[in-house]
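Student: For reference, the structure I am asking about is given below.
Quick note: the coordinates plus some simple rules give every number you see, no bench work behind them. Here the structure is a predicted model, which means the values were calculated and not measured. FYI the Cβ positions are ideal-geometry reconstructions off the backbone, even for glycines, and counts take in every protein chain you see.
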Amino acid sequence: MIIEIENCADSLLEAQSILFLCHAHPDGDTLGSATALAHALKGLDKTVAVMCDDKIPQRFDFMFVGIKQVVDFEPGLIVAVDVADTSLLGRNAQLKYSEKIDLCIDHHASNKLYASAVWLEPDSASAAEMVYNLIKKMELPISKQTASCLFTGVSTDTGCFRFSNTTPRTHRIAADLIELGADSESIIQTFFETKSRAYASLERMALDEMQFYLGGRCAIMPLTRAMFGKSGADDSDTDRLANLPRQVEGVLVGVTLKEQSDGAFKASLRTHGDVDASAICARLGGGGHKGAAGVTLNVSMAQCISRLVEEIEKEIGE
Ligand SMILES: [Mn+2]
């Protein structure tokens, strides 16, 4: 059932104990949105926890100060935040909770509507924008820490306010969050200006292997297990790499192809202008947003590239 923000607020306010679920391979939006709700509702003496199937990278630690990550209670309400499909929850959480999700708060147009109730805003640049409005709707205070959680979601899902999903509302919410005490400077420093030596090394190798197709309108950059091994980088901080191929002049569709531990390849697409990344990925079995989408293909890298280029050509023409 599709619901509106008012129904969503009522469900959260009525529940006594709430479990928030994030997607695996967590990002600033899923973690920032879930922890912000947990902080806000904890103030009403509710029992809350935030769960993610994957290890949470250290740069997100500030969000979890005061938040339980162990589910040692029977949750009265199970809420998925920024999760388009139960398969994205990760294996353990999927097995345990996929049939039991009461509420889903999401901004992916590709949402599979798996929860009993779904509040969906595909025009929202981040789930964090929705959660900001939701906390206001519930008339709950937003602490500095909560503001920082939300600012992280708002800024990371828009590539620091650069992607085409960024709207005047995005900037207004960001401004409100800064007024509320969000540590915008340090968040931007951490998430956009800092890279580990291992990450810098991986980035260099990946750029070296980037190839161009369709007269330079498509760039594909492989990220192989060998590159991860050699650089010492781990999967957790590679999201930003997905933006690099599209930065090259003339490229309309930038793709990173990340080799998975089982040999499959996860393609992340970033597009410019009117090119619909989610339409390209949907035809191959994936999904996402217009400007950023993904799909996992269980074929060799060469086959992966030829199938992607074929679908991309259909989208952008010859
Ligand atoms: Mn998101």
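Student: Largest first, please: the extent of the C-alpha atoms of the range 197-316 along each principal axis, to the nearest Å.
Tutor: 37, 30, 23
Student: Continuing with the same structure: Kirkwood-based Rg over Rh for the chain (C-alpha set), two decimals?
Tutor: Radius of gyration relative to Kirkwood radius: 0.96.
Student: Any idea how far apart D72 and F161 come out in nm if each label point goes 7 Å out from Cα toward Cβ?
Tutor: Distance between the two pseudo-spin positions: 4.2 nm.
Student: How big is the dipole moment of the chain about its Cα centre under a simple scheme where the beta carbon of each Lys and Arg is +1, that of each Asp and Glu is -1, and everything else is neutral? Debye, nearest 20, please.
Tutor: My answer is approximately 600 debye.
Student: Continuing with this model, one more query. With N residues in the range 123-195, what two-decimal value do you get for its Cα radius of gyration over 2.2 N^0.38 Å?
Tutor: 1.02
Student: A 18 angstrom limit on the alpha carbon distance is what I want to check against. Which of K112/K137; K100/K137; K290/K314 exceed it?
Tutor: K112/K137; K100/K137
Student: Once the piece of chain linking D235 and K314 is laid out straight, how much longer is it, given 0.36 nm per residue of separation minus the C-alpha distance between them?
Tutor: 25.4 nm
Student: Report the one residue of G66, G216, S11 whose Cα lies farthest in the direction of the positive end of the charge dipole of the chain (charges on C-beta: Lys and Arg +1, Asp and Glu -1; origin at the Cα centre).
Tutor: Highest projection toward the positive end goes to G216.
Student: Something else about it: Using only Cα atoms, tell me the angle between helix 144-156 and the longest principal axis of the chain; keep it within 0 to 90° and round to the nearest 10.
Tutor: Once rounded, the angle reads 20 degrees.
Student: Summing -39500 (n - 2.57) over the DSSP H runs of n ≥ 4 in the chain and dividing by its residue number, what mean residue ellipticity at 222 nm do you reach, to the nearest 500 deg cm²/dmol?
Tutor: The helix contribution divided over the chain gives -11000 deg cm²/dmol.
Student: Something else about it: What is the range 5-192 by shape, rounded, prolate or oblate, if you read a ≥ b ≥ c off the alpha carbon gyration tensor as root eigenvalues and call it rounded for a/c under 1.5, prolate for a/b larger than b/c, and oblate otherwise?
Tutor: Since a/c stays below 1.5, the shape of the range 5-192 is classed as rounded.
Student: In nanometres, what is the gap between the two model label sites at I56 and L214, each 7 Å from Cα along Cα-to-Cβ?
Tutor: 3.8
Student: Let me ask something else about it. Let me know the Kirkwood hydrodynamic radius for the range 12-85, please, with Cα pairs as the basis and the value in Å to one decimal.
Tutor: Here the Kirkwood hydrodynamic radius works out to 12.2 Å.
Student: Evaluate the range 81-214: find the radius of gyration of its Cα atoms, find its Kirkwood radius, and give the ratio Rg to Rh.
Tutor: With Rg and the Kirkwood Rh in hand, the quotient comes to 1.04.
Student: Right, another one. Can you give me the angle between helix 5-14 and the longest principal axis of the chain, using Cα atoms only, in degrees from 0 to 90, rounded to the nearest 10?
Tutor: The helix 5-14 is inclined about 50 degrees to the chain.
Student: If you average the alpha carbon positions of the range 101-153 and of the range 240-318, how far apart do those two centres end up, in angstrom?
Tutor: First find each Cα centre; the distance between them is then 26 Å.
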